[in-house]
Amino acid sequence: MKLKLSTGLLSLTAASLLTLASTAAAVEPIKMRWASDHSGPPHPAAIAEVYFAEKLEEKLPGSKVQIFWAKSLYDIPKGVKALSQGNLEVLTGQFGKTASVEPYANVVLGAGKLTTPGAIGKLDTTLTYKAIADLMSKKHQIALLASGDMSMYMGVGGTKSRYLAPADFNGQKIRSMGPAENALLSSLGANPQSMAFGEVPPALQTGVIDGLLTSLGGFNAVKEQAPYFSVAGLNGIVGDYYWFGASEKWWNKLSKAQKAAFKDVFENDFLPFQRAINFCADQRMVKKYGTDDKTKPGIYIMTPAEAGAIKKAEGGATDVWIKSKVDAKGANLANAFNLEAEQLVKDNPIGSSELEKIDCSQYDNVFARYTKGGALTGAKERK
């Protein structure tokens with residue numbers, strides 16, 4: 001038996017479709033700039049930002065997302081100020097590099113705190129993060145959209161040998177990413193040298209530094225110069241995270257429909273992809289360059305005993321430094337985060353998160369898109 005639709009139902013259906021179409025068409029395109037200080041593709045964070053741009057432009061035809069990498073528009077402190085002033089729409093920030101503008105951003109830093117993928121992925125659920133988000137809104141007119149994963153295998157690279165025991169750091173000139181890492185290195189007897197990553201290759205070449213703190217992506221860029229890379233488990237040497245923020249002056253000008261479209265792409269497309277692509281980039285690097293022989297070049301993951309010795313020697317120096325840069329309320333917030341981090345690790349042990357169950361081969365085509373010769377490979381901007 002054939003089903004027949006009445007003329008009235010057909011008219012109603014057609015009218016409904018026309019209404020839906022006109023509603024979609026009524027959403028104005030979004031024009032925006034997104035700045036960061038990390039390098040462009042194949043850096044996984046940059047790949048994720050391109051993914052967001054393509055998804056938003058697909059969802060809202062006529063939209064345009066310009067992305068600026070490697071400080072080509074702003075570094076993070078200047079980007080924070082630009083967001084506050086409404087001179088930039090979105091920024092990939094980093095808590096450690098934000099601290100020169102907002103010292104409270106320091107309170108979530110520190111090695112050996114969030115040490116599992118599940119715990120790292122739930123930073124946003126902490127009261128500490130929410131307090132920082134509230135402060136960024138009230139004081140800086142910045143809406144924190146979410147935190148994001150950096151490389152979970154931040155570590156230390158050596159030019160001639162491997163840094164494993166605390167004694168290996170003594171007297172060594174090691175590149176640091178910022179003041180919080182300076183505290184760690186100083187506690188190990190090293191001579192920290194703060195510098196942007198772009199300055200690292202010539203500094204290694206000329207012997208200005210003996211080694212460096214960096215991510216697996218950073219190791220990949222200098223592996224010929226600093227081939228001995230050591231990782232003290234997840235976040236065992238450096239603990240820092242991305243944050244994504246929007247200018248409230250810009251955000252408040254968007255229509256309700258534009259905000260809904262942006263949030264849909266950001267929360268349902270971008271964030272899961274960003275976490276997965278960073279995780280899988282780490283897995284690819286470890287698979288390709290990992291070694292169990294600490295005397296050979298490559299990525300060596302320390303044993304719990306080796307990592308524990310580093311943590312013991314650090315002795316809370318990073319926390320002492322953090323508390324020296326904030327008021328009593330900020331110091332209490334740092335203490336509270338330590339407790340929250342400990343609980344998150346306990347509640348989300350290694351192997352328990354969905355992120356760890358991802359089949360990273362599904363992203364092979366994504367990484368292949370950004371191999372040497374790709375349209376955006378090595379680019380400083382997407383216009």
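The values are calculated or read from the model by the stated rules, or taken from the named source; none is laboratory data. No experiment lies behind these values; they were computed from the predicted model shown. All Cβ positions, glycine included, derive from the backbone under ideal geometry; neighbour counts span all protein chains shown. In case anyone asks, the SASA skips ligands and DNA or RNA and just uses the protein heavy atoms, side chains included. Shrake-Rupley method; radii C 1.70, N 1.55, O 1.52, S 1.80 Å.
Could you say whether any residue in region 177-186 is at pLDDT 95 or above and either within 19 Å of ASP319 (Cβ to Cβ) or acidic (Asp, Glu) (or both)?
Scanning region 177-186 turns up at least one residue that is at pLDDT 95 or above and either within 19 Å of ASP319 (Cβ to Cβ) or acidic (Asp, Glu) (or both).
Please go through region 107-149 and pick out each residue that is within 23 Å of GLY315 (Cβ to Cβ) and in contact with a Phe, Trp or Tyr (Cβ under 7 Å, 6 or more places away or on another chain).
The answer is VAL107, VAL108, LEU109, THR128.
If you go through region 206-241 one residue at a time, how many are at pLDDT below 90 and either closer than 25 Å to VAL107 by Cβ or part of a strand (DSSP E or B) (or both)?
Here the count works out to 10.
Mind listing whichever residues of region 145-185 are open to solvent by 30 Å² or more (accessible area, probe 1.4 Å), assigned to a strand (DSSP E or B) and not charged (D, E, K, R)?
Scanning region 145-185 gives a single hit, LEU145.
Kindly list the number of the only condition in (1) in a strand (DSSP E or B); (2) within 24 Å of VAL320 (Cα to Cα); (3) within 20 Å of the chain's Cα centre (by Cα) that fails for ALA131.
That leaves (1) as the condition not met.
For region 285-383, please list each of the helices (runs of 4 or more DSSP H) lying entirely inside it that holds at least 1 residues being under 30 Å from PRO41 (Cα atoms), without any contact (Cβ under 8 Å) to a residue 40 or more places away in the chain and of a type outside the set (A, V, I, L, M).
364-369
Please determine whether any residue of region 38-49 is open to solvent by less than 10 Å² (accessible area, probe 1.4 Å), small (Gly, Ala, Ser) and in a strand (DSSP E or B).
Within region 38-49 (the criterion being open to solvent by less than 10 Å² (accessible area, probe 1.4 Å), small (Gly, Ala, Ser) and in a strand (DSSP E or B)), the answer is no, since none of the residues qualifies.
Quickly run through region 302-337 and pick out the residues that are β-branched (Val, Ile, Thr), open to solvent by 30 Å² or more (accessible area, probe 1.4 Å) and under 24 Å from VAL108 (Cα atoms).
VAL320
Here's a check for you: in region 98-116, which residue that is farther than 11 Å from ALA341 by Cα and of a type in the set (Val, Ile, Thr) is surrounded by the fewest Cβ atoms within 10 Å (Cβ to Cβ)?
VAL101
Residues in region 66-89: is at least one over 28 Å from ILE310 (Cβ atoms), assigned to a helix (DSSP H, G or I), small (Gly, Ala, Ser) and out of contact with any helix residue (DSSP H, G or I) (no Cβ under 8 Å at 6 or more places or on another chain)?
There is at least one residue in region 66-89 that is over 28 Å from ILE310 (Cβ atoms), assigned to a helix (DSSP H, G or I), small (Gly, Ala, Ser) and out of contact with any helix residue (DSSP H, G or I) (no Cβ under 8 Å at 6 or more places or on another chain).
Of the numbered conditions (1) more than 17 Å from the chain's Cα centre (by Cα); (2) over 30 Å from ILE350 (Cβ atoms); (3) touching a residue at least 60 places away in the same chain (Cβ under 8 Å), PRO201 satisfies every one except a single condition; which is it?
Single failed check for PRO201: (3).
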